[in-house]
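Here the structure is laid out as structure tokens; the discussion comes afterwards.
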Amino acid sequence: MAIISPSMLSCDFANIQRDVEMINNSGADWFHIDVMDGVFVPNISFGFPVLAAMKKHAKKPMDVHLMIAHADHFVSEFKKAGADMLTVHYEACTHLHRTIQLINSEGMKAGVALNPHTSVDALDEILSDLDLVLIMSVNPGFGGQKFITSSLDKVSKLKEKIKSKKLSALIEVDGGVNLETGAQLIKAGADALVAGSFVFGSSNPAETITALKKL
Ligand code: DX5
Ligand code: ZN
């Protein structure tokens with residue numbers, strides 16, 4: 001049974017509390033929270049006040065996905081705003097090892113996200129320091145995009161590395177997840193699935209979460 005992390009990027013921002021409660025009462029495991037800066041990705045989402053507002057009501061861990069430049073400058077601010085897990089992009093961090101240490105020193109779990117063009121081999125020297133690897137199965141920046149099928153091979157390859165080195169990093173996949181791609185991802189070795197438009201765009205989001213949970 002995979003961890004399900006619904007992406008709040010697709011929630012109704014005029015009814016955030018209602019949507020947070022829906023997730024509290026659903027079978028979901030985490031809240032996936034996408035922070036975009038208009039620099040690393042061509043879109044801007046939301047920042048600290050919105051995270052803190054969600055945290056006031058959230059009864060499950062906040063899985064925060066940073067799509068921003070200069071993540072180091074903001075690590076402690078994200079902790080204060082309520083992040084439990086902080087994931088930074090490999091492509092946006094020059095001193096990735098230092099950033100991971102910083103996240104851990106703030107008492108958060110640390111993750112690294114890989115864009116579709118980045119090989120999982122890029123993490124060889126740092127995999128043992130990670131709690132989570134986030135495989136992007138779309139180009140980051142927007143919800144509702146089509147799943148990139150080659151992500152499945154990346155998941156299998158990474159799973160093999162984690163197993164053979166007896167490491168504990170979880171594999172999370174983000175972008176274009178639905179029942180069909182979700183089943184393929186779990187088969188390939190994914191531990192956690194992010195789903196935004198598939199959950200919030202459905203007529204019964206809680207039931208959709210249950211269906212993902214049953215995969
Ligand atoms: C995209 C974000 C995703 C997004 C996924 O940059 O990282 O978390 O919300 O949306 P869907 O599930 O609609 O592809
Ligand atoms: Zn995300």
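Looking at (1) outside any loop (DSSP other than H, G, I, E, B); (2) acidic (Asp, Glu); (3) more than 18 Å from ASN115 (Cα to Cα), which is the only condition ASP29 fails?
Answer for ASP29: the failing condition is (1).
Please count how many residues of the stretch 185-199 are surrounded by fewer than 24 Cβ atoms within 10 Å (Cβ to Cβ), assigned to a helix (DSSP H, G or I) and more than 6 Å from ligand 1 (Cβ to nearest atom).
Number satisfying all stated conditions: 3.
Among the residues of the stretch 127-148, count how many are under 15 Å from ILE171 (Cβ atoms) and assigned to a loop (DSSP other than H, G, I, E, B).
Of the residues in the stretch 127-148, 3 are under 15 Å from ILE171 (Cβ atoms) and assigned to a loop (DSSP other than H, G, I, E, B).
Do the conditions hold for GLY141, that is, is it in contact (Cβ under 8 Å) with a residue 60 or more places away in the chain, within 13 Å of the chain's Cα centre (by Cα) and over 18 Å from TRP30 (Cβ atoms)?
Numbers: in contact (Cβ under 8 Å) with a residue 60 or more places away in the chain: yes; within 13 Å of the chain's Cα centre (by Cα): yes; over 18 Å from TRP30 (Cβ atoms): yes.
For GLY141, the condition - in contact (Cβ under 8 Å) with a residue 60 or more places away in the chain, within 13 Å of the chain's Cα centre (by Cα) and over 18 Å from TRP30 (Cβ atoms) - is met.
For the stretch 70-82, does any single residue satisfy the condition of being open to solvent by 20 Å² or more (accessible area, probe 1.4 Å), of a type in the set (A, V, I, L, M) and either part of a strand (DSSP E or B) or touching a helix residue (DSSP H, G or I) at 6+ places or on another chain (Cβ under 8 Å) (or both)?
no
Kindly list the number of the only condition in (1) open to solvent by 50 Å² or more (accessible area, probe 1.4 Å); (2) under 25 Å from VAL39 (Cβ atoms) that fails for THR118.
Only one criterion in (1) open to solvent by 50 Å² or more (accessible area, probe 1.4 Å); (2) under 25 Å from VAL39 (Cβ atoms) is unmet by THR118, namely (1).
Among the residues of the stretch 164-174, write down those that are open to solvent by 10 Å² or more (accessible area, probe 1.4 Å) and within 12 Å of ligand 1 (Cβ to nearest atom).
Let us first name the residues in the stretch 164-174 that are open to solvent by 10 Å² or more (accessible area, probe 1.4 Å), namely 164-168, 170, 174.
Once the filter is applied, which keeps residues that are open to solvent by 10 Å² or more (accessible area, probe 1.4 Å) and within 12 Å of ligand 1 (Cβ to nearest atom), the stretch 164-174 yields only ASP174.
State all residues of the stretch 174-200 that are away from ligand 2 (no atom under 16 Å from the Cβ) and not polar (S, T, N, Q); if no residue qualifies, say none. Full working, then the answer.
Taking the stretch 174-200 first, the residues away from ligand 2 (no atom under 16 Å from the Cβ) are 179-180, 183-184, 186-189.
Scanning the stretch 174-200 gives LEU179, GLU180, ALA183, ILE186, LYS187, ALA188, GLY189.
If you take the residues in the stretch 83-104 that are open to solvent by less than 70 Å² (accessible area, probe 1.4 Å) and of a type in the set (D, E, K, R), which one is farthest from the chain's Cα centre (by Cα)?
The extreme case among them is GLU91.
What number of residues within the stretch 200-211 satisfy the criterion of being of a type in the set (A, V, I, L, M), within 21 Å of PHE147 (Cβ to Cβ) and either in contact (Cβ under 8 Å) with a residue 60 or more places away in the chain or surrounded by 19 or more Cβ atoms within 10 Å (Cβ to Cβ) (or both)?
Qualifying residue count, the stretch 200-211: 1.
For the subset of the stretch 5-18 comprising residues that are more than 9 Å from ligand 1 (Cβ to nearest atom) and touching a His at 6+ places or on another chain (Cβ under 9 Å), which member is nearest to LEU185 (Cα to Cα)?
ILE16
Take the stretch 35-48 and flag every residue that is touching a Gly at 6+ places or on another chain (Cβ under 8 Å) and not in a loop (DSSP other than H, G, I, E, B).
VAL35, MET36, ILE44
The values are calculated or read from the model by the stated rules, or taken from the named source; none is laboratory data. Model, not experiment: these values are computed from the prediction. Positions of Cβ are backbone-derived with ideal geometry, glycine not excepted, and every protein chain shown enters the neighbour counts. All accessible areas refer to the heavy atoms of the entire protein, side chains included, with ligands and DNA or RNA removed. Shrake-Rupley method; radii C 1.70, N 1.55, O 1.52, S 1.80 Å.
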